[in-house]
Amino acid sequence: MKDFEYAIVIASDSRSQGDRQDLCIDVVKSSLGQGFSPVYEKIISDDRENISAELIYLADELRLPLIITSGGTGLSPRDNTPEATLEVIEKETPGISEAIRLIALKKTPNGMLSRAVSGIRGSSLIINLPGSPRAVKESLEGIRGPLVHGLKHMLGLSGEHK
């Protein structure tokens, strides 16, 4: 089977303006590893409309099966990734978001502060991840197996449920 192509979108004012170096893109790539092929990466500002437009482009125009976002999921006034994602998805996948929060809670009680969501738009699965490289690594390692299974089903590659 061909690798799952995916996009990485970093939502961060400081990283998009070059004030801080991004470390999450490389962590996403190494954590997903074999079976996944990164074909698009971009660092954008935390503007809600900007994030929504980027997600729509990746799902509707590029039709990528997986879109990973990192950042903008906390409690600060500029954290807009969950709202932007909810605006564009057609179906929520709350189990993915809950699993990521459970993974975080095993490491720190601050994991409960994540507002990250996930869901499907067309044939694209969008998953919000935290903005910390360590949290990105732990999250993806924790959901990788079920993620492969879910993507196969979503794309009709599993041979089941036809």
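Couple of notes before you dig in:
- Boolean, E83 is of a type in the set (D, E, K, R), under 18 Å from F4 (Cβ atoms) and at pLDDT 95 or above: no
- All positions within the stretch 39-87 that are in contact (Cβ under 8 Å) with a residue 40 or more places away in the chain, part of a loop (DSSP other than H, G, I, E, B) and touching a Lys or Arg at 6+ places or on another chain (Cβ under 6 Å): T73, N80
- Test: G131 is surrounded by fewer than 20 Cβ atoms within 10 Å (Cβ to Cβ) and either under 15 Å from K42 (Cα atoms) or among the small types (G, A, S) (or both): no
- Here A99, A135, A116 are screened, and the one residue that is of a type in the set (A, V, I, L, M, F, W, C), touching a residue at least 40 places away in the same chain (Cβ under 8 Å) and part of a helix (DSSP H, G or I) is A99.
- Residue in the stretch 1-9 that is aromatic (F, W, Y) and closer than 23 Å to E138 by Cα present: yes
- Every residue from the stretch 1-31 that is more than 15 Å from I68 (Cα to Cα), part of a loop (DSSP other than H, G, I, E, B) and polar (S, T, N, Q): Q17, Q21
- Some residue of the stretch 70-89 being under 22 Å from M154 (Cα atoms) and touching a Phe, Trp or Tyr at 6+ places or on another chain (Cβ under 8 Å): no
The values are calculated or read from the model by the stated rules, or taken from the named source; none is laboratory data. All of these numbers come straight from a predicted model, not from anything done at the bench. Cβ coordinates were reconstructed from backbone atoms using ideal geometry, including for glycine residues, and neighbour counts include every protein chain displayed.
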